[in-house]
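Single-structure report; data block below.
What follows is calculated from the coordinates using simple rules that are stated; it is not laboratory data. Remember, predicted model here, so these are calculated numbers, not experimental data. Positions of Cβ are backbone-derived with ideal geometry, glycine not excepted, and every protein chain shown enters the neighbour counts.
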Amino acid sequence: MKVRVSALAALLLLALALPGFAATIPDEQYTFPTSPPTPEYMGYASSNFHEVRMATSYYAQVKYKDIPNAEELQAIEEIYECGKPESRCVPESEMSAKKLVGYYETILGPCSTTVKNSCVDSLVVTNKDGKKFTGTVDETFRSYNPQGFTGNREYGLPTSGNSFLYDIPGLPHAGGTKYLVVAKVESRKLISESRFSDIMFQSAIFAVSLENGKFDPNIAPTDLTLEVINGKKTRPEVLRMGKNHPHIAKCVQQSQTQCAIPHPLPLNATFTLTANIDAKVQGWLHGRFSDAAATLKSLPDGSTQIQVSGKPVIVPMIGKYVKRSEMSKALIDFYTAAPKPLGGVGTCRDFDDKPNCLRQQLTFGEGAMREFLLWLPEMDDKAVSAPTQWSVRAIPKNFTAMSNGASCYVNNPSVSGIVTTNATSYIAMPPTFNSATQTLDYKVAAAHYLPDGKEFFGTYDLLIDSKVARCIYGFTDAPIQATVSIVTSDGVEKATTTSVKEQNGWLSLSAKGFTFSNPVLRVKLTQSQPLVEAKKTTVKSINCVKGKTVKRVTTGTCPKGFKRK
């Protein structure tokens, strides 16, 4: 899918937030305008890869005020930036005593003979013919990392790295043979904790070409932006660390002299990424790929090796600016009731007659999906671009611990499950166990139509550890049967192409070909009586004789020399 806009139409369509270039560009290079046509406009854009596009490393220590819920209120007394010669950061051993909370985000570089943890070990691709190619680390590019820092393994703090390229001549794309790997780990250390814990891992793969030039680092200094009303400073609006609007950047990653420009990923190739994380990784994964597979393995040095495999998918993007006076009542009610300041690019404080604001899809929860669905009608239920994507992330333990059935997988040492979809919006948690219907429910949302007007068809894959599934449902070791249904927003169940199988300790379910905007994917697991029990009730025995010798057999025929009695 390509974005095509004539030079004449670009002037007219700018107000509608469509591409403003005459040339045809890949959808992977489309960026949504961040400035409204006039102040009375408000916009919304779904942001794909916002965490990894232009991601960089940072480490900060924060002292909150001594008041209840200080962290939630962003009531910060002091911020120390680490990794700089003039840094006021203290050793990790002193953080708790000085009541400092630590935050870090680090990019993982390639593993080597000297770097064996907190690094990317390999990228292997299998083409449509089944031929495998192993990527070779390309030394010509490293992302610029001015906020890099030295780690401390004793306290779970890794040393920061840089994103880098793999060269795979056997799998060329429109921009060459180079593939950018952006893998990052983030965590925090609370005052009550002895080390950094509850790791979140995320990674994405991009097909790229390099553009030479002079590029400034797309980062924001660690600061606390204060909201000002009537000339008076009020409570802190936001704590910013590390980067600034990466989801709208031209480059996926950049150095000071090179920019990595994205191109379409080969959709029929399977990418297998292996990384070593210097911590325990939570066993629920979700992401943007199909035909998923993953493993977690503990290494001798105490780190975790995570391996994820799958094919890229197309994920539509929506975006548009609308006049405040022409917005739907549902949207007006939503933003009127929303906590202030609203947040976003532009003014984004109060929802007045001149909002001058761009809202973005930055999270994947119930509230974010609701906002997404309210904007869909404003955009005629149609996407503005449809880029290819391959990305994965691990769900932090503190999130999965709050979900239904968490006791069945929260301490699982391996991968408990993988959920992947090509939907623009989805709930980034393990599927909810619906006790009323006895099903695993998974919510997704996207525009009905692609930029060219064709209907968009969804994909959904669930790979779940058989032991975890049995625990959630209270099943025995007998075989599990499963069905996948698609329930529309008005409660109608629709047919779709599904496949279900249990093999090698995994229960895998796949649904393809369903349409949007916000269906619920419902997985129903059942279990029949163990087959061995059925066999016991049908087995018959006979008596065989040879002279005075009698044998009782269950084979149905007598041994040689014996006759049936």
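Here are the numbers for this structure:
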{"quantity": "Derived scalar couplings ³J(HN,Hα) [the stretch 447-456; Karplus, 6.51 cos²θ - 1.76 cosθ + 1.60; whole Hz; x for Gly, Pro]", "calculated": "5, 5, 10, 7, x, 8, x, 6, 5, 9"}
{"quantity": "Three-way shape call for the stretch 75-151 based on the alpha-carbon gyration tensor, with the a/c threshold at 1.5", "calculated": "prolate"}
{"quantity": "Difference of contour (0.36 nm per residue) and Cα-Cα distance, residue 455 to residue 38", "calculated": "146.9 nm"}
{"quantity": "For peptides 359-367, 440-448, sequence by mean Cβ density within 10 Å, most packed first", "calculated": "440-448, 359-367"}
{"quantity": "Members of 63/98; 250/340; 189/340 lying beyond 19 Å, as alpha-carbon distances in this model show", "calculated": "250/340; 189/340"}
{"quantity": "Dipole magnitude (debye, nearest 20) for the stretch 25-124, charges at Cβ of Lys, Arg, Asp, Glu", "calculated": "280 debye"}
{"quantity": "Where N is the number of residues in the stretch 130-211, Cα Rg divided by 2.2 N^0.38 Å", "calculated": "1.41"}
{"quantity": "Under-5 Å amide H pairs with residue 280, H placed in peptide plane, nonlocal only", "calculated": "none"}
{"quantity": "Stokes-Einstein diffusion coefficient of the stretch 25-127, Kirkwood radius over Cα pairs, 4 °C, 1.567 mPa s, in µm²/s", "calculated": "70 µm²/s"}
{"quantity": "Projected label distance in nm at residue 291 and residue 512, using a 7 Å step from Cα toward the beta-carbon", "calculated": "0.9 nm"}
{"quantity": "Whole-percent pair-distance distribution, where bins are 5 Å wide, for the alpha carbons of the stretch 269-344", "calculated": "3, 11, 14, 13, 9, 7, 9, 11, 13, 7, 2, 1, 0"}
{"quantity": "Relative packing of 429-437, 109-117, which averages over residues the other C-beta atoms within 10 Å, highest first", "calculated": "429-437, 109-117"}
{"quantity": "Amide H within-cut-off set for residue 544, under 5 Å, with H built and near neighbours excluded", "calculated": "551, 552, 553, 565"}
{"quantity": "Sequence ranges 453-463, 414-424, ranked by mean other-Cβ count within 10 angstrom, highest first", "calculated": "414-424, 453-463"}
{"quantity": "Karplus-derived HN-Hα couplings along the stretch 141-150 (A = 6.51, B = -1.76, C = 1.60, θ = phi - 60°), whole Hz, x at Gly and Pro", "calculated": "9, 9, 5, 6, 9, x, 9, x, 8, 8"}
{"quantity": "Interchain or long-range residues, amide H under 5 Å from residue 322's placed H", "calculated": "42, 43"}
